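Engineer: Below is a structure I'd like to ask you about.
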Amino acid sequence: MTSFAFHPAASLAEATALLAQYGDGTQLLAGGTSLMLLNRLGLLAPDHVVGLRDVGELRGIAVDDAGALRLGALTKLRDIETAPEVRGVPVLAEAAHHVATVRIRNQATLGGSLGHADPAQDVPPALIALDARVDVAGPNSTRQLPVEDLFTGYLETSLHPGELVTGVAVPRSTRGTRGGYLKFLPRTADDYATVSVAAVVDVVDGRVTRIRVALGAVAPTPVRAHSVEAALVDGHVTSEQLRGAAEFVRQDIDPTSDARGSASYKNDVAVVCVRRLLGRLLETEQEGR
Ligand SMILES: Cc1cc2nc3c(=O)[nH]c(=O)nc-3n(C[C@H](O)[C@H](O)[C@H](O)COP(=O)(O)OP(=O)(O)OC[C@H]3O[C@@H](n4cnc5c(N)ncnc54)[C@H](O)[C@@H]3O)c2cc1C
């Protein structure tokens with residue numbers, strides 16, 4: 001474990017000012033689950049760490065006047081899993097439920113899981129499938145961007161120096177919107193995903209009117225399965241069509257070989273996961289394999 005200077009912030013303005021003051025490489029401490037682990041392993045050695053625990057502006061779960069779900073950056077993943085406000089939103093609580101263990105979920109935060117930018121995390125693909133936007137604040141400005149645009153590379157984000165995630169807005173789902181999450185992890189139940197898929201679909205009179213599919217652990221960032229979406233939108237989807245469309249996911253992903261499996265294995269698993277999840281959501285016939 002390397003030592004660092006710790007600066008607890010009492011407000012959002014103080015947090016962004018401290019980030020700007022200490023510059024590149026300064027880390028934020030939210031739940032600390034990733035930061036402290038990486039520091040202990042010697043993989044992350046910041047000189048300065050800004051503590052967010054007392055920043056009240058980053059807390060809260062609410063539904064705004066437009067029906068969007070607003071989640072503060074300090075929202076615990078366990079609260080996303082259990083909060084009544086989240087119950088009407090497809091896929092989100094289900095994805096949060098799959099993060100590690102209750103102990104981790106009670107500590108880890110939404111802002112931390114976005115800022116950490118590990119592509120194998122469970123909640124980001126769900127947010128991307130939901131077309132959620134991330135709220136960002138810097139010392140002198142705020143902005144909002146689609147969650148998928150936050151991630152630029154492995155453990156890398158598009159946050160500018162001095163910026164942090166303040167929250168997330170999930171648009172209101174229409175009645176009848178279906179969503180789901182499938183995490184493939186053959187080792188232990190508390191592991192990171194080998195491949196994960198989140199999807200949200202609207203079906204009107206048997207026709208797919210809207211579909212968003214996002215995958216985790218199959219590229220340096222979570223990714224949208226644009227090719228799969230394009231193959232299915234505007235159609236009455238049969239199991240045969242779904243089987244063909246799921247194959248297109250190979251064009252959208254770029255997995256690497258690691259301890260959880262080879263790149264070619266992950267490509268095959270992604271096809272199966274997409275087919276099974278969308279088969280469940282679109283109620284086409286389910287097949288094995
Ligand atoms: C044993 C273990 C198992 C895990 N298994 C899973 C799993 O199965 N699935 C899964 O999804 N995740 C898993 N995780 C990761 C966990 O979800 C993340 O560690 C967590 O979400 C990070 O949140 P945190 O609040 O603890 O962040 P911290 O550890 O406090 O910070 C992590 C990073 O995010 C940055 N950060 C924190 N807050 C913000 C903010 N508001 N804006 C911008 N950047 C910020 C920090 O600078 C730091 O770089 C696991 C972690 C551990 C330790």
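Any read-out appearing in this document is the output of simple, stated calculations on the displayed coordinates, not a laboratory observation. Here the structure is a predicted model, which is why all the values come from computation and not from measurement. A quick note on method: Cβ atoms are made from the backbone with ideal geometry, for glycine too, and the neighbour counts reach across all protein chains shown.
Engineer: Along region 110-119, what does the Karplus equation 6.51 cos²θ - 1.76 cosθ + 1.60 (θ = phi - 60°) give for ³J(HN,Hα), rounded to whole Hz, x for Gly and Pro?
Structural biologist: Once θ is set to phi - 60°, the couplings for region 110-119 become 4, x, x, 6, 7, x, 5, 6, 7, x Hz.
Engineer: Still on this structure: Given H placed on each backbone N at 1.01 Å, which residues far from Ala68 in sequence or on other chains put an amide H within less than 5 Å of it?
Structural biologist: Those qualifying (amide H under 5 Å, at least 5 residues apart or on another chain) are Arg172.
Engineer: Hey, another quick one. In square nanometres, what is the average projected area of the Cα convex hull of the chain?
Structural biologist: Numbers: hull surface 59.3 nm².
Averaging across all directions leaves 14.8 nm² for the Cα convex hull.
Engineer: Is the shape of region 178-282 rounded, prolate or oblate, going by the alpha carbon gyration tensor and its root eigenvalues a ≥ b ≥ c, with a/c under 1.5 for rounded and a/b larger than b/c for prolate? Intermediate values should be presented prior to the final figure.
Structural biologist: Values: a/c = 2.20, a/b = 1.83, b/c = 1.21.
It is prolate, given that a/c is not under 1.5 and a/b is the larger ratio.
Engineer: Take the alpha carbon gyration tensor of region 51-149, find the square roots of its eigenvalues, order them as a ≥ b ≥ c, and report rounded if a/c is under 1.5; if not, report prolate when a/b exceeds b/c, else oblate. Don't jump to the answer; show the numbers that get you there.
Structural biologist: Details: a/c = 1.30, a/b = 1.18, b/c = 1.10.
Rounded, since a/c falls under 1.5.
Engineer: Let me ask something additional. From the backbone phi of region 232-249, what are the Karplus-calculated ³J(HN,Hα) couplings (6.51 cos²θ - 1.76 cosθ + 1.60, θ = phi - 60°) in whole Hz, Gly and Pro given as x?
Structural biologist: Each residue's phi maps through the Karplus curve to give 10, 5, 6, x, 8, 8, 9, 5, 5, 5, 5, 4, x, 5, 4, 4, 4, 4 Hz.
Engineer: What ranking do Tyr181, Tyr154 get, fewest neighbouring Cβ atoms within 10 angstrom at the top?
Structural biologist: Working: Tyr181 26, Tyr154 13.
Final ranking by Cβ density, sparse to dense: Tyr154, Tyr181.
Engineer: If we count every other residue with Cβ under 12 angstrom of Asp190's Cβ, Lys/Arg +1 and Asp/Glu -1, where does the sum land?
Structural biologist: Working: positive: Arg103, Arg105, Lys183, Arg187; negative: Asp122, Asp191.
Net charge around Asp190: +2.
Engineer: Something else now. Within 15 Å, Cβ to Cβ, of Ile61, how many net charges do the neighbouring residues add up to if Lys/Arg are +1 and Asp/Glu are -1?
Structural biologist: Once positives and negatives cancel, what remains is +1.
Engineer: What does a probe at Ala230 reach in region 244-260, counting residues whose amide N is under 18 Å from the point 7 Å along Cα→Cβ?
Structural biologist: Under 18 Å, as judged by backbone N against the label point of Ala230, lie 244-254 of region 244-260.
Engineer: Moving on. From the backbone phi of region 11-19, what are the Karplus-calculated ³J(HN,Hα) couplings (6.51 cos²θ - 1.76 cosθ + 1.60, θ = phi - 60°) in whole Hz, Gly and Pro given as x?
Structural biologist: Each residue of region 11-19 in turn: 8, 4, 4, 5, 4, 5, 5, 5, 4 Hz.
Engineer: Can you pull the one-decimal nm distance between simple spin-label points at Asp65 and Ala17, each 7 Å off the Cα toward Cβ?
Structural biologist: 3.1 nm
Engineer: Residues with amide H under 5 Å of Val50's amide H, sequence separation 5 or more or different chain, H placed in the peptide plane at 1.01 Å from N; which?
Structural biologist: His7, Gln27, Leu28, Leu29
Engineer: Let me ask something additional. Can you give the net charge of the other residues whose Cβ lies under 15 Å from the Cβ of Asp149, counting K and R as +1 and D and E as -1?
Structural biologist: Numbers: positive: Arg133, Arg143, Arg212, Arg224; negative: Asp131, Asp135, Glu148, Glu156, Glu163.
Neighbour charge sum, excluding Asp149 itself: -1.
Engineer: While we're here: Kindly rank 257-268, 210-221, 23-34 from highest to lowest mean number of other beta carbons found within 10 Å of each residue.
Structural biologist: Working: 257-268: 14.7, 210-221: 24.2, 23-34: 18.7.
For the peptides 257-268, 210-221, 23-34, the packing ranking is 210-221, 23-34, 257-268.
Engineer: Show the residues, 5+ positions off or on another chain, whose built amide H is closer than 5 Å to the amide H of Leu44.
Structural biologist: Close amide H contacts, sequence-distant or interchain: Asn39.
Engineer: With the Cα gyration tensor of region 1-84 giving a ≥ b ≥ c as the square roots of its eigenvalues, does the rule (a/c under 1.5 for rounded; else a/b larger than b/c for prolate; else oblate) give rounded, prolate or oblate? Present the calculation step by step, with values, prior to reporting the outcome.
Structural biologist: Values: a/c = 3.09, a/b = 1.67, b/c = 1.85.
Oblate, because a/c is 1.5 or more while a/b does not exceed b/c.
Engineer: Counting Lys and Arg as +1 and Asp and Glu as -1, each charge on the Cβ, what is the dipole of the chain about the Cα centre in debye, to the nearest 20? Numbers along the way, then the final one.
Structural biologist: Numbers: 28 positive and 34 negative charges, 126 e Å.
Dipole about the Cα centre, nearest 20: 600 debye.
Engineer: Please report Phe151, Phe248 as a ranked list, fewest other C-beta atoms within 10 angstrom at the top and most at the bottom. It would help to have the intermediate numbers written out before the result.
Structural biologist: Working: Phe151 22, Phe248 18.
Least to most surrounded, the residues fall as Phe248, Phe151.
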